[in-house]
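Everything on this sheet refers to the single structure shown next.
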Amino acid sequence: MSEFVFKKKYGQNFLSDKNLLNAIADDAGITKDTEVLEIGAGAGSLTSVLDEKAKKVVSFEIDKDLQDKLESLGLKNTKFVFGDFMDFDMADVEKMFKSKFKVVANLPYYITTPIIMKLFKSKKLESLTIMVQKEVAERICAQTGEKDYGSLSVLAKFYGESKITRIVKRQMFFPQPNVDSAILHIDIDRKKFDGVDDEEFLKFVQNCFAMKRKTLLNNLGKIYQKEEIKNKLDEKTLAKRAEALSLEEFVELYKKCNTK
Ligand code: SAM
């Protein structure tokens, strides 16, 4: 490990503070019955804590230069998988767990949102306790009408209940990043809306926010015929911006736009 060269392209900002690592596991509510998925083992500091507390840990790491170090830790309950997490089919990841699993990870910054979106698709996901850039955590937790409210806030509400459990200063990482972080906890509680397909709804919400300052008429006009949506929706709604709509209002809008 002494000659290890940190790779910025992989978002390698490692943690070593034992109190903080324990706090992350506590925020996740890990017990001896819990199965855990970690993305980004790094040098294994968080993995080691999880290994002690959980029933089972599956930990992905893209950087093969870390393989010897990780395998030398001799962790009893952990299976390391070396490769890009994004290349794995979620169905294959699910097969690595007997029951529901919790995600606990200090996520690489450059790929936080794609990882979260991929995880949301799993029906076996119970919760996420993840270290992310503070601004991303704030966006996810933002409420309707707030400055940070965007498609990610709506989708997070669609899939569960989010809260920031603690703010983590940049000085806690090595090498030190240029931003502060936060631990975000999301309890998965899929909202059941009849006739709403997750994937299609996701695209719809992203389209509504495509140009944040524009009205829904402008944004929806890019994916539907303007005349068609004018027939389906009232003027007042079309003059609103996406940031003014709650999750329930998005669902209603989605349904109206997609009925024949
Ligand atoms: N868990 C360690 C810690 O807290 O010290 C490391 C966290 S570091 C922020 C993120 C880790 O994710 C790095 O080790 C990096 O190599 C790894 N990583 C980056 N992209 C990845 C990907 N697509 N799949 C799997 N691991 C990835």
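The values are calculated or read from the model by the stated rules, or taken from the named source; none is laboratory data. Keep in mind the model is a prediction, meaning the values are calculated, not measured. FYI the Cβ positions are ideal-geometry reconstructions off the backbone, even for glycines, and counts take in every protein chain you see.
The residue that is nearest to the ligand (Cβ to nearest atom), among those in the stretch 51-69 that are in contact (Cβ under 8 Å) with a residue 60 or more places away in the chain and surrounded by fewer than 18 Cβ atoms within 10 Å (Cβ to Cβ), is Asp65.
Only one of the numbered conditions (1) surrounded by fewer than 22 Cβ atoms within 10 Å (Cβ to Cβ); (2) under 19 Å from the mean Cα position of the chain (by Cα); (3) under 15 Å from Val103 (Cβ atoms) is violated by Val81, and that is (2).
Yes or no: Asn219 over 27 Å from Lys134 (Cβ atoms), at pLDDT below 95 and polar (S, T, N, Q)?
Values: over 27 Å from Lys134 (Cβ atoms): yes; at pLDDT below 95: no; polar (S, T, N, Q): yes.
Criteria not met by Asn219.
Here Ala210, Ala242 are screened, and the one residue that is touching a Cys at 6+ places or on another chain (Cβ under 6 Å), among the aliphatic types (A, V, I, L, M) and outside the structural domain of Leu155 (by TED's automatic domain parsing) is Ala242.
Taking Thr34, is it out of contact with any Ser or Thr (no Cβ under 9 Å at 6 or more places or on another chain), at negative phi and in contact (Cβ under 8 Å) with a residue 12 or more places away in the chain? Against the criterion (out of contact with any Ser or Thr (no Cβ under 9 Å at 6 or more places or on another chain), at negative phi and in contact (Cβ under 8 Å) with a residue 12 or more places away in the chain), Thr34 qualifies. When the stretch 70-86 is filtered for residues that are more than 13 Å from the ligand (Cβ to nearest atom) and polar (S, T, N, Q), the ones remaining, listed by number, are Ser72, Asn77.
Of all residues in the stretch 96-105, none satisfies being in contact with a His (Cβ under 6 Å, 6 or more places away or on another chain), under 22 Å from Lys169 (Cα atoms) and in the same structural domain as Ile167 (by TED's automatic domain parsing).
Condition first: more than 15 Å from the ligand (Cβ to nearest atom) and either in contact with a helix residue (DSSP H, G or I) (Cβ under 7 Å, 6 or more places away or on another chain) or not acidic (Asp, Glu) (or both). Now tell me which residues in the stretch 1-29 satisfy that.
Going residue by residue through the stretch 1-29, those that are more than 15 Å from the ligand (Cβ to nearest atom) are 2-3, 26, 29.
Answer for the stretch 1-29, where residues must be more than 15 Å from the ligand (Cβ to nearest atom) and either in contact with a helix residue (DSSP H, G or I) (Cβ under 7 Å, 6 or more places away or on another chain) or not acidic (Asp, Glu) (or both): Ser2, Gly29.
Mind listing whichever residues of the stretch 83-100 are in a loop (DSSP other than H, G, I, E, B), more than 14 Å from Lys56 (Cα to Cα) and of a type outside the set (Gly, Ala, Ser)?
Listed by number, the residues that qualify are Asp84, Phe88, Asp89.
Within the stretch 30-47, if we keep just the residues that are over 19 Å from Pro108 (Cβ atoms) and surrounded by 15 or more Cβ atoms within 10 Å (Cβ to Cβ), the residue that is nearest to the ligand (Cβ to nearest atom) turns out to be Ile30.
Among the residues of the stretch 98-118, none is identified as under 8 Å from Ile130 (Cβ atoms) and of a type in the set (D, E, K, R).
Hey, which of the helices (runs of 4 or more DSSP H) in the stretch 129-242, taking only ones fully inside, have at least 3 residues that are touching an Asp or Glu at 6+ places or on another chain (Cβ under 6 Å) and surrounded by fewer than 21 Cβ atoms within 10 Å (Cβ to Cβ)? The helices (runs of 4 or more DSSP H) meeting that bar are 134-141. Of the residues making up the stretch 165-185, not a single one is basic (Lys, Arg) and under 20 Å from Lys53 (Cα atoms). Of all residues in the stretch 1-59, those that are assigned to a loop (DSSP other than H, G, I, E, B), among the acidic types (Asp, Glu) and at pLDDT 95 or above total 2. Screening Phe174 against (1) within 23 Å of Asn13 (Cβ to Cβ); (2) more than 16 Å from the ligand (Cβ to nearest atom) leaves a single unmet condition, (2). Taken together, the residues in the stretch 72-122 that are in contact (Cβ under 8 Å) with a residue 40 or more places away in the chain and basic (Lys, Arg) amount to 4. Kindly indicate whether Glu235 is among the acidic types (Asp, Glu) and either over 23 Å from the mean Cα position of the chain (by Cα) or at pLDDT below 95 (or both). Against the criterion (among the acidic types (Asp, Glu) and either over 23 Å from the mean Cα position of the chain (by Cα) or at pLDDT below 95 (or both)), Glu235 qualifies.
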